[in-house]
Amino acid sequence: MSTVAVILPAAGASQRFHDKNYKKPFAPLSGKAVWLHSAEKFLSRQDVQQLIVVVSDEDREEFNRKFGANLAFLDVEVCCGGTERADSIQNALDRVRDDIELIAVHDAARPCLAEKWIDAVFEAAARDGAAILAEPVSSTLKRVDDKRKIEATVDRQNLWAAQTPQVFRRELFAKAYAARDGTAVTDDATLVEQLGQRVTVVPGSSLNIKITTRDDLRLAEQILKILPKPKGPSGNPFANDDLWR
């Protein structure tokens, strides 16, 4: 079994979430913050030896105030994000322990994750060096201009929508980040692909949604009801929802 470090980026601006009280990773969902639903899917796993949450500088003080004592109990680390998403991941990567073999990046705002999907993508990454969860595109795709007029219909054959976790051998991931040229990227597989490394796609699920708008919270609440519950470690304070409100 490979040792895994999980990075949860939660440093984005949440511009499309439109909530004056919360950024999307910190919004309440079924009694606890969104990012905690994401984190707890990994905390009970024996192969996950390190979990790092990345928050923005402006959120760090409030984050520590709300969650500091519990993070210490669970041995969850926190680091500050950077200007771009890749900068935030680099900050976390610099803190990954030397004994870690695989690095998994999972959106903190993607709380509806099942254990079997994690098992599958971890196994594929250990075997092939790089793997991501993704889902075949089923909708008809239209390319539009800046006036929202259709320019073309895009062939969806062999198109997949990337999800997370995205998981990579540590050496490969470090090499990909060392080689990045500062161009903004929206996922980590892109940087690995730029090295010429083939990335394995593991079928995910439409239930593995990313919280983008407040409507997504209502959908996620229903999805969580039908997902298998993670096997929590003894004494896991996630069982006490009042701690996370």
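The values are calculated or read from the model by the stated rules, or taken from the named source; none is laboratory data. Everything numeric here is computed off the predicted structure, so don't read it as measured data. Neighbour counts run over all protein chains shown; Cβ positions are idealised from the backbone, glycine included.
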Residue match in region 127-135 (condition: over 17 Å from the mean Cα position of the chain (by Cα), part of a loop (DSSP other than H, G, I, E, B) and closer than 25 Å to V53 by Cα): yes
Residue match in region 144-167 (condition: in a loop (DSSP other than H, G, I, E, B), loosely packed, with under 12 Cβ neighbours inside 10 Å and of a type outside the set (D, E, K, R)): yes
Considering residues of region 33-70 that are under 17 Å from the mean Cα position of the chain (by Cα) and of a type in the set (S, T, N, Q) only, the residue farthest from A120 (Cα to Cα): S56
Residue within region 94-109 that is touching a Gly at 6+ places or on another chain (Cβ under 9 Å), of a type in the set (K, R) and in contact (Cβ under 8 Å) with a residue 40 or more places away in the chain present: no
Pairs, first surrounded by 16 or more Cβ atoms within 10 Å (Cβ to Cβ) in region 115-129, second among the small types (G, A, S), C-beta under 7 Å, six or more apart: W117/G204; W117/S205; V121/A131; A124/A131; A125/A131; A126/S2
Some residue of region 143-166 being closer than 18 Å to H37 by Cα, out of contact with any Gly (no Cβ under 6 Å at 6 or more places or on another chain), of a type outside the set (S, T, N, Q) and in contact (Cβ under 8 Å) with a residue 40 or more places away in the chain: yes
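What about E135, is it touching a residue at least 40 places away in the same chain (Cβ under 8 Å), buried (at least 16 other Cβ atoms within 10 Å of the Cβ), within 13 Å of V202 (Cβ to Cβ) and not hydrophobic (A, V, I, L, M, F, W, C)?
yes
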Search result, residues across region 207-243 that are over 22 Å from I89 (Cα atoms), modelled with pLDDT of 95 or more and in a loop (DSSP other than H, G, I, E, B): L207
Pick from region 13-55, criterion touching a Pro at 6+ places or on another chain (Cβ under 8 Å) and in a loop (DSSP other than H, G, I, E, B), ranking: modelled with the lowest pLDDT: S14
